[in-house]
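All remarks here apply to the structure that follows.
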Amino acid sequence: MISDISRQLESYLDQCALYGTGGSGNQPLGLTGIAGVNQGVAITPTDLLGSFCAVEQLIEGANVSMDFYGVLVSPATKKKLRTTPSFTGGSITAWGELRNPQSSPEIVDGKCFCGAWNNMTFCVWGRGIEILVDPFSLADSNQVKLKSALFADVGVRYPNAFAVTAAV
């Protein structure tokens, strides 16, 4: 049970790092809302590899180390990139040509997140995941109520080290 709760909260934290709105929702501000992150970078469907190379060049032009550069996409986008040749008549796919590509079910749209990921930091306060056991509020029905919390934040050291593409 603890591992299931941990996995769900970790998944939520990953989603917040990408899409978090910050502010009143007690949610970290994600890459889609951070000033200075390249937003809506165009991806040309007929030249997927060239488009991703242009995004990589944009980030590299910001003078950041590219040692931890990677591309994060949805599973549907991964499928599209794995079935699209990197050039007409070629047998190598666009996915195979990308630098450190990864897919994540946390991406809820066709956007792709590219960046030098060593410029993102996750901070966790307290003991990590906390579980509150309430044996009283549902005692009449012989149930126990559990609440869990993860006190965390996401920081981006250098926003120009990231880009969020338009939907692919």
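Provide the FRET efficiency to the nearest 0.05 for the M66-A149 pair, computing r from the beta carbons and using R0 = 35 Å.
My answer for the efficiency is 0.45.
Expressed as a whole number of Å, what is the distance separating the alpha-carbon centroids of the range 131-149 and the range 71-120?
43
Would you work out which of P28, V154, G110 lies farthest towards the positive end of the dipole of the range 2-165, given +1 charges on the beta-carbon of Lys and Arg and -1 on that of Asp and Glu, about the Cα centre?
After comparing all options, I get G110.
In the P(r) worked out for the range 2-165, what percent of Cα pairs fall beyond 30 Å?
29
With a 10 Å Cβ neighbour count serving as the proxy for reagent exposure, in which order, fewest first, do W117, W125 appear?
W125, W117
For the range 41-130, max minus min Cα coordinate along each principal axis, in Å, sorted largest first?
Principal extents (Cα only, largest first): 55, 30, 21 Å.
Round to the nearest 0.05 the FRET efficiency obtained for L138 and R7 when R0 = 35 Å and r is the Cβ-Cβ distance.
So, using R0 = 35 Å, E works out to roughly 0.90.
Every read-out reported here was derived from the displayed coordinates using simple, explicitly stated rules and does not represent laboratory data. The structure presented is a predicted model; accordingly, all values stated were derived computationally and were not measured. All Cβ positions, glycine included, derive from the backbone under ideal geometry; neighbour counts span all protein chains shown.
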